[in-house]
Structures are given as C-alpha cells and as structure tokens.
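Remarks on the structure that follows.
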Amino acid sequence: MRRGFLLALEGVDGSGKSTQARLLAVSLLQQGREVVLTQEPGSGPLGQKLRRYLQGADRHLAPEEELDLFLADRREHVEQVIRPALAAGQIVITDRYYYSSVAYQGALGLDPTWILEENEAFAPRPDLVFLLVLPVAQALARLQRPRQLSEFPLYLEEVAAIYHNLQGSHIQRVDASASPQALHAKLLARTLEALGEFGEERQG
Ligand code: ADP
Ligand code: MG
C-alpha cells in the first residue's frame, strides 16, 4: 500500500524551486515528520550525465534522445528513491519532476500530452505540485551564474507557456515574486492543508 506523500516543485529556472524545496523540508522535519528531499536530474550516473550535458557548450542531442535520457534518469529516481520512500510512509519533496520534461522537451517541439503519458505510465502522480510562476526575465535575473543553453529567454517563454497550460486539481500555481520567507509561509500552509486532507482520506 502506498502511504507516503509526493510533493513536486516546478517552474522555470530561477523561479525559486530549490530554495523552497529546502525550506519546506526543514520546516516539515522540524515538525518531526519524515522527509526525503530529492531532485531531478537525479544524483546517480544518469543524472550526472544529464547535468553535464545541460551545462555543456551545445545541445547536440535530438529532442527525442534528450527525452529518453530524462526518462531513464526518472525511472531510476522513481525506483530507487521515490517508491521506497512512499512505501515507507515518508513525505517526498522533489525539486523538479516529470512536468519539467513535459515543459522543457515540449518546448523543443515534442507533444506535451504525449510526454505526460509516457511519464504517467511509470512514475507515480504527485499528490501536490507547486508551480512557481514568475516572469522569465525576473527569474533569469535571479540566477547568479552563467546561463545554460536551456536558459535563454525565448526558449523559457515556451517552457512557461506549456507550464501555464498544465491541468489537474493537484497542481497549485503560486506567484513566486514574493520574498523567500513569505513564499515559504504560503507553501508550508498549503502543504500542511494538503497533508491533512490526505491523512483524512487514508483514514476514511
Ligand atoms: P530554481 O531552483 O527554481 O532555479 P533557486 O531556488 O535556485 O531557483 O533560486 C534562484 C536564485 O534566486 C538563487 O540565487 C536564490 O537565492 C534566489 N531566490 C530564490 N527565491 C527567491 C525569492 N523568492 N526572491 C528573490 N530571490 C530568490
Ligand atoms: Mg534549482
């Protein structure tokens, strides 16, 4: 039986996902809850290969090949990290998940609906997704490092447009322009609310 809770953070580069993922993990741990903080690309060999590729000088893979790499990395992440933690009843917070493939490989011209189906065939659907919404220019201005090839404005506008069209009652859009602490307070409150409802469903 699946007992844990799966929370994903999504949004364009610089929208604040990693910051919020960490803050949420800390707050939930302080409440004595069991939390696993994880990320995509994953920390295994495939994830490291993907990170090197994304930081590289050219994006030479075809969109389909790129997607295949992300899917392979995600399969590993799901089997080795996410499913075991959920089976153990833990709260899994993942910094990016399959909606990133939908948006980023969709923005390369692949069909977002098809990408979503490919992922939902093997990856558990998150109980809650925070989609951090911030204008691309503002998000990029926050990044204090050299831009990766995947971080150019026109491409990210397309990514944001696909994120914008995602549907599902588990997807909560959040204005990410607030300060980290103000945003955190909002996300924590919403997470606790969702956890409460989740617990009631399990009992009822
Ligand atoms: P992401 O993981 O979505 O790329 P990060 O959490 O790494 O975003 O944040 C990108 C940069 O913006 C970091 O330097 C971070 O300190 C800063 N930052 C994060 N959240 C906010 C915020 N709410 N307001 C201003 N700056 C932020
Ligand atoms: Mg990040």
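The values are calculated or read from the model by the stated rules, or taken from the named source; none is laboratory data. Just so it is clear, the model here is predicted, and its values are computed rather than measured. Please note: Cβ atoms are built from the backbone with ideal geometry, for glycine as well, and neighbour counts cover all protein chains shown.
Evaluate the following for Leu37: is it within 16 Å of ligand 2 (Cβ to nearest atom), on the phi < 0 side of the Ramachandran plot and assigned to a strand (DSSP E or B)? Taking the combined requirement at face value, the residue satisfies it.
Checked against (1) within 16 Å of ligand 1 (Cβ to nearest atom); (2) free of Cβ contacts under 8 Å to residues at least 12 places away in the same chain, Leu29 passes all but a single condition, namely (1). So in region 146-160, with the set limited to residues that are touching a residue at least 24 places away in the same chain (Cβ under 8 Å) and not β-branched (Val, Ile, Thr), which one is nearest to Ala194 (Cα to Cα)? Filtering region 146-160 for residues that are touching a residue at least 24 places away in the same chain (Cβ under 8 Å) and not β-branched (Val, Ile, Thr), the one nearest to Ala194 (Cα to Cα) comes out as Ala160.
Residues in region 122-138 that are in a helix (DSSP H, G or I) and more than 23 Å from Gly109 (Cα to Cα): 1 in all.
Against the test of being exposed (fewer than 14 other Cβ atoms within 10 Å of the Cβ), under 16 Å from Tyr104 (Cβ atoms) and of a type in the set (A, V, I, L, M), the options Ala57, Ala62 yield a single qualifying residue, Ala62. Taken together, Leu110, Leu143, Leu128 contain a single residue that is surrounded by fewer than 21 Cβ atoms within 10 Å (Cβ to Cβ), under 18 Å from Ser15 (Cα atoms) and either touching a residue at least 24 places away in the same chain (Cβ under 8 Å) or among the basic types (Lys, Arg) (or both), which is Leu143. Report, ordered by the first and then the second residue, all pairs with beta carbons closer than 6 Å, sequence separation of six or more or different chains, a first member in region 177-189 that is over 18 Å from Val12 (Cα atoms), and a second member that is part of a helix (DSSP H, G or I) and at pLDDT 95 or above. Listed pairs, sorted by first residue: Leu188/Ser27. Scanning region 63-101 for residues that are touching a strand residue (DSSP E or B) at 6+ places or on another chain (Cβ under 9 Å), outside any loop (DSSP other than H, G, I, E, B) and under 24 Å from Asn165 (Cβ atoms) returns Thr94, Asp95, Tyr98, Tyr99, Ser100. Consider Leu50 carefully, then state whether it is within 16 Å of ligand 1 (Cβ to nearest atom), surrounded by 15 or more Cβ atoms within 10 Å (Cβ to Cβ), at pLDDT below 95 and outside any loop (DSSP other than H, G, I, E, B). Yes; evaluated as a whole, the condition is true for this residue. For region 1-15, a residue qualifies if it is within 15 Å of ligand 1 (Cβ to nearest atom) and either over 20 Å from Asp127 (Cα atoms) or surrounded by fewer than 21 Cβ atoms within 10 Å (Cβ to Cβ) (or both), and the qualifying residues are Val12, Asp13, Gly14, Ser15. Taking the criterion of being of a type in the set (Ser, Thr, Tyr) and closer than 22 Å to Leu187 by Cβ, the residues of region 133-176 that qualify are Tyr163, Ser169. For the residues Gly56, Gly109, Gly44, Gly32, the requirement of being closer than 25 Å to Leu192 by Cβ, out of contact with any Phe, Trp or Tyr (no Cβ under 9 Å at 6 or more places or on another chain) and more than 16 Å from ligand 2 (Cβ to nearest atom) singles out Gly32. Would a scan of region 148-162 turn up a residue that is exposed (fewer than 15 other Cβ atoms within 10 Å of the Cβ), small (Gly, Ala, Ser) and not in a strand (DSSP E or B)? The answer is yes; a qualifying residue exists.
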